[in-house]
Amino acid sequence: FGTGIGIIKYDLWIFDRWGNMIFHGDQIPAEDAKWNGRSNGGKEESQIDVYVWKVKLTDMFNKEHKYIGTVTLVR
């Protein structure tokens, strides 16, 4: 999940290694914007793997920011 000050719009996506979107959250800091390591709407546990995340946000000055990175899911 993301956190910050002065964010007026926020989108977080999580993708698997094949590019399939397995999570999208658009509220900060609401609970539904936190990825809990599950896919298919929370029905299935995601496998141990490396996932790509993408964040797009707009700050209080109406400037858009985009970030991309990876997260490793371990249990």
Residue match in the range 48-65 (condition: modelled with pLDDT under 85 and not polar (S, T, N, Q)): no
Top-ranked residue of the range 29-53 - restricted to ones that are under 14 Å from the mean Cα position of the chain (by Cα) and assigned to a strand (DSSP E or B), ranked as surrounded by the most Cβ atoms within 10 Å (Cβ to Cβ): Tyr51
Complete set of residues in the range 54-75 that are free of Cβ contacts under 8 Å to residues at least 24 places away in the same chain, open to solvent by less than 50 Å² (accessible area, probe 1.4 Å) and under 14 Å from Ile5 (Cα atoms): His65
Checking Leu57 against (1) under 13 Å from the mean Cα position of the chain (by Cα); (2) assigned to a loop (DSSP other than H, G, I, E, B), the condition it does not meet: (2)
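Can you tell me how many residues in the range 13-28 are in contact with a Ser or Thr (Cβ under 8 Å, 6 or more places away or on another chain) and outside any strand (DSSP E or B)?
Going residue by residue through the range 13-28, those that are in contact with a Ser or Thr (Cβ under 8 Å, 6 or more places away or on another chain) are 16, 22-23, 28.
Then keep just the ones that are outside any strand (DSSP E or B); that gives 16, 28.
Total satisfying the criteria: 2.
The values are calculated or read from the model by the stated rules, or taken from the named source; none is laboratory data. For clarity, every value in this text was computed on a predicted model and none was experimentally measured. As a convention, Cβ positions derive from the backbone with ideal geometry for all residues, glycine included, and neighbour counts pool all protein chains shown. Accessible surface areas use protein heavy atoms only, side chains included; no ligands, DNA or RNA. Shrake-Rupley method; radii C 1.70, N 1.55, O 1.52, S 1.80 Å.
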